[in-house]
Amino acid sequence: ACGGDTGVALRFGIAVEFIHRASLIQDDLPCMDAAEERSGRAALHAHCSPAEAVLTSDLMISHAFRICGESTRPAESVAVVSTAVADLCRGQASDLRWTGESLPEDDWRDVCDAKTGALFVSAAKLGVLAAGQIDGDVVSIATRFGRALGRLYQWHDDAADGDASPAPAALVQAEI
């Protein structure tokens with residue numbers, strides 16, 4: 001939507017996917033969700049060991065930062081990825097407190113924004129950076145877009161898993 005270099009955008013997309021995959025590896029760990037499978041296959045910690053899974057996720061996060069550090073906008077892109085990782089950690093910590101309980105709508109939105117939203121927001125903001133756009137209004141729009149898309153994605157994912165979540169209209173009302 002903002003134009004720019006597809007190659008730069010693709011590299012940023014790879015960085016976001018490294019963060020995404022690292023978060024899934026950590027989410028599956030015995031100390032988190034204790035999932036033995038991911039997408040019909042053995043979770044990484046079940047395939048090798050929890051220690052190797054943690055090291056693999058750390059390596060993936062490191063690669064994401066390296067990709068951003070080597071970009072045409074290193075300071076801005078590293079800041080975006082750093083914020084996403086911090087938000088993911090905050091969201092996972094909140095999610096652990098609610099394990100086994102249905103989250104109230106405001107808490108669901110906060111956890112969703114911190115976990116799923118962090119990835120969508122970072123992808124949208126990095127896309128804006130790839131296009132050379134650093135205008136505050138454009139970044140703000142990208143942030144709201146990423147957050148709303150993250151909420152809708154999480155709602156769909158929760159519905160597919162049979163988990164309770166707020167109605168879709170409630171997810172994006174603050175963003176419109």
If you roll a 1.4 Å probe over the heavy atoms of the protein chains, what accessible area per residue do you get for the chain, in Å²?
54 Å²
The chain: most fluctuating residue of LEU119, LEU55, LEU88 per GNM, C-alpha cutoff 10 Å
LEU55
Using just the alpha carbons, could you tell me how many Å³ per residue the convex hull of the range 1-124 encloses?
125 Å³
Quote to one decimal, in nm, the extra length available between HIS63 and ALA34 on full extension: 0.36 nm per residue of separation minus the C-alpha distance between them.
7.9 nm
Once you compute Rg and the Kirkwood Rh from C-alpha atoms, what is the Rg to Rh ratio for the range 66-127?
1.11
Considering only protein heavy atoms and a probe of 1.4 Å, how much of the accessible area of the range 18-80 is carbon and sulfur, as a whole percent?
59 percent
Please compute the contact order of the chain in relative form: average sequence separation of alpha-carbon pairs under 8 Å and at least six residues apart, divided by the residue count, as a percent.
22 percent
Given only helices, namely DSSP H runs of n ≥ 4 each adding -39500 (n - 2.57), what is the per-residue ellipticity at 222 nm of the chain, to the nearest 500 deg cm²/dmol?
-24000 deg cm²/dmol
Would you grab the residues whose amide H sits under 5 Å from the one on ARG38? Only those 5+ places off in sequence or on another chain, please, with H modelled 1.01 Å from N.
ALA43
Running a GNM on the chain with Cα contacts under 10 Å, which residue among CYS31, CYS68, CYS89 ends up with the highest mean-square fluctuation?
CYS31
Most fluctuating of GLN154, GLN133, GLN92 in the GNM of the chain (C-alpha, under 10 Å) is GLN133
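The values are calculated or read from the model by the stated rules, or taken from the named source; none is laboratory data. What you are looking at is a predicted structure, and each value in this text was computed from that prediction instead of being measured. Accessible surface is based on the protein model in full, side chains and every heavy atom, while ligands, DNA and RNA are left aside. Shrake-Rupley method; radii C 1.70, N 1.55, O 1.52, S 1.80 Å.
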